[in-house]
Amino acid sequence: MDQVLSGEVPLRYAVEGDPAAPGEAPPVLLLHGYGSNHELNWLRTGWPAALEGRALIAPDLRGHGGSGKPGDDGAYTPERIAGDMVRLLDALGADRVDAVGYSMGARNAWELALRHPGRVRRLVLAGFGPRDPFAGADLHALDRDSSPFGRMHRVAGTVPGNDLDALAACARGQASRPFTPEPAPGVPMLFAAGERDAVAADAEELAASCGAEVVRVPGRDHANAVSARALKEAVRGFLAVEAPAGGPR
């Protein structure tokens, strides 16, 4: 059942299991992509079954789904979204998580691990690479922008509950902090994407700079890799790996 964390920007989220329960494996934090929400990105694509046995935390990021939708671009910077996640984890009593992000969710999962490495045990960056997703887009005229991102933005506006003005502010806020490949110290990473995913076209180069592995899903692109069994199996296997004795778990 969905719940809402109150605050300046309320956050809708779903929880399965007890995130605060002691155990070897921490809960899994699932961060969805731009224009989506936790239900579309994770629940309808079968991730709870794929991660059976793990507690799950799946929020709607600010500006999306049932969460608050500020109108200010500055409300959507990666550090603000990372702050939301810390606030949510604190409220749920979850000291550490395994973070799994897709597309924009991966960008913000990276930020969470970079700013708060003690809160993230392992990190999965799916549908993500070093390319600028906003390249060629007029972020102040997305209602008529003809770039790939502009077209995706308008499609996102058809998702129930979405607000195009809030999504445009989100895009500008994210773009105001260009991604730089500074990995979080001590946080193992896995990159995963469809083999036809243009957004993650250079994921191998980024992964190599971080000493991380890349899993490619045959025949899948950015829109449909998230539902692939092969992607879920790769993520489940990566999250199940134990850290070496004395290392971070």
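The values are calculated or read from the model by the stated rules, or taken from the named source; none is laboratory data. It should be emphasised that the depicted structure is a prediction, and the values quoted were computed from it without experimental measurement. Virtual Cβ from ideal backbone geometry, glycine too; neighbours counted across all protein chains shown. Accessible surface areas use protein heavy atoms only, side chains included; no ligands, DNA or RNA. Shrake-Rupley method; radii C 1.70, N 1.55, O 1.52, S 1.80 Å.
For first residues located in region 147-161 and part of a loop (DSSP other than H, G, I, E, B) and among the polar types (S, T, N, Q), partners that are loosely packed, with under 15 Cβ neighbours inside 10 Å and modelled with pLDDT under 95 and lie 6+ apart or on another chain with Cβ distances below 8 Å form the pairs Ser147/Ala135; Ser147/Gly136. Looking across region 77-92 at every residue that is without any contact (Cβ under 8 Å) to a residue 40 or more places away in the chain and crowded, with 18+ Cβ neighbours inside 10 Å, the one that is nearest to Leu164 (Cα to Cα) is identified as Ile81. Could you give me the residue pairs with C-beta distances under 6 Å whose first residue belongs to region 212-236 and is assigned to a loop (DSSP other than H, G, I, E, B), whose second residue is modelled with pLDDT of 95 or more and open to solvent by 50 Å² or more (accessible area, probe 1.4 Å) wherever it lies, and which are 6+ apart or on separate chains? Sorted first by the residue in region 212-236, then by its partner, the pairs are Pro218/Glu195; Asp221/Arg196; Ala228/Arg220. Checked against the criteria, Gly74 does not count as surrounded by fewer than 17 Cβ atoms within 10 Å (Cβ to Cβ), in a loop (DSSP other than H, G, I, E, B) and more than 18 Å from the chain's Cα centre (by Cα). Looking at Ala141, Ala126, Ala135, Ala175, just one residue is under 28 Å from Val215 (Cβ atoms), more than 18 Å from the chain's Cα centre (by Cα) and aliphatic (A, V, I, L, M), and that residue is Ala135. Within region 133-178, the set of residues being open to solvent by 30 Å² or more (accessible area, probe 1.4 Å) and among the polar types (S, T, N, Q) comprises Ser146, Thr158, Ser176. Under the condition of being within 27 Å of Thr158 (Cα to Cα) and open to solvent by less than 70 Å² (accessible area, probe 1.4 Å), the residues counted in region 8-20 number 7. Among the residues of region 150-181, the ones that are among the hydrophobic types (A, V, I, L, M, F, W, C), at pLDDT 95 or above and under 22 Å from Leu206 (Cβ atoms) come to 2 in all. Of all residues in region 21-36 being modelled with pLDDT of 95 or more and in contact with a Leu (Cβ under 8 Å, 6 or more places away or on another chain), which is surrounded by the fewest Cβ atoms within 10 Å (Cβ to Cβ)? Among residues in region 21-36 that are modelled with pLDDT of 95 or more and in contact with a Leu (Cβ under 8 Å, 6 or more places away or on another chain), the one surrounded by the fewest Cβ atoms within 10 Å (Cβ to Cβ) is Tyr34.
For region 100-132, give me each residue that is within 16 Å of Asn37 (Cα to Cα) and buried (at least 24 other Cβ atoms within 10 Å of the Cβ).
Val100, Gly101, Tyr102, Ser103, Met104, Gly105, Ala106, Asn108, Ala109, Ala126, Gly127
Check Asp60, Asp95 and return the single one that is among the acidic types (Asp, Glu) and either without any contact (Cβ under 8 Å) to a residue 24 or more places away in the chain or surrounded by fewer than 19 Cβ atoms within 10 Å (Cβ to Cβ) (or both). One residue alone meets the criteria, Asp95.
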